[in-house]
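What follows is a short report on a single structure.
No lab work stands behind these numbers, since they all come straight from the coordinates. Since we're looking at a predicted model, the values are computed, not measured. Cβ atoms come from the backbone with ideal geometry, glycine included; neighbour counts cover every protein chain shown.
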């Protein structure tokens, strides 16, 4: 091997190792871009301040349900916000579902640093708020998109809601990162894993998985594999849709129809009371 070729190889190796160091050190910034802008609640929502188990103030947006409707707890993606969540849940809100737009530490002016375990604590804080409102887990639908699918799945595992909705989800963050960076040993680098597939394989909660076939952030194959790993899943494929599928009215309307097929959000049939005389005779 000539001197020039050797120097080129050394340079490539040095660049590769330097990139590994950057990925490991700054992975939090790559995984959690964390917009800092704090948004006012959308129409019909109110701002609520919660306290996490580790003492952080957390802002969420809350809309109470109409009588007989479940509450949707929504976890947004890693580059989104509560304002984005309001758009993602607009159809369900219009249909009278209660909606709790969960937030994360480090996002939207909240204190703290984002992490998998931190997000789980934030999710538990949202669920405990509902318990304080007298809303039981079986009266909730938990949903999330992209990285929010990780927290949504964990909360479904812990709280057993009536249903789970995952939009553009991954089987695990490790798998998604491996697909995006195949030349790097991401399994050795990642601190957070969000292993959705392993959890869904053990859950009986009905789950709707929606994924666009043209998703260039989390490949459609990930959603398909996740549906196959789950015990009780429905997969909806959206031709030519990308990673922003959750913002489309088509996907949201399909969520409402699926929930209704599970008997959730359907107006109860109220039988008219018979006159007292008739009632006594029967």
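Quick notes on this structure:
- Full-stretch length increase - residue 12, residue 131 - with 0.36 nm per residue and alpha-carbon distance subtracted: 37.3 nm
- Highest mean first, the peptides 166-177, 206-217, 67-78 sorted by other C-beta atoms within 10 Å per residue fall in the order 166-177, 67-78, 206-217.
- Within the chain, antiparallel bridges make up roughly 25 percent of the DSSP beta bridges whose residues both belong there.
- The stretch 1-126 pair-distance distribution - Cα-Cα, 10 Å bins, rounded %: 12, 34, 23, 11, 9, 7, 3, 1
- Exposure proxy for 8, 31: other Cβ atoms within 10 Å of each Cβ, ordered fewest to most, give 8, 31.
- Here the chain yields Rg over Rh of 1.09, to two decimals, using C-alpha coordinates and the Kirkwood radius.
- Shape of the stretch 176-275, Cα gyration tensor, a/c cut at 1.5: prolate
- Mean separation of Cα contacts under 8 Å (6+ apart) over length of the stretch 45-263, as relative contact order %: 17
- Between 0 and 90°, nearest 10: helix 220-229 axis offset from the chain longest Cα axis: 60
- Relative to the longest principal axis of the Cα atoms of the chain, helix 3-25 runs at roughly 30 degrees.
- Separation in nanometres of the label points that stand 7 Å from Cα toward Cβ, at residue 113 and residue 213: 4.3
- Ranked 201, 149, criterion: other C-beta atoms within 10 Å, fewest first: 201, 149
- On Cα atoms only, tilt of 116-132 relative to the major axis of the chain in degrees: 10
- The ranking of 36, 139, 239 by Cβ neighbour count inside 10 Å, starting from the fewest, reads 239, 36, 139.
- Mean ellipticity per residue at 222 nm, deg cm²/dmol - from DSSP H runs of n ≥ 4 across the chain, formula -39500 (n - 2.57): -12000 deg cm²/dmol
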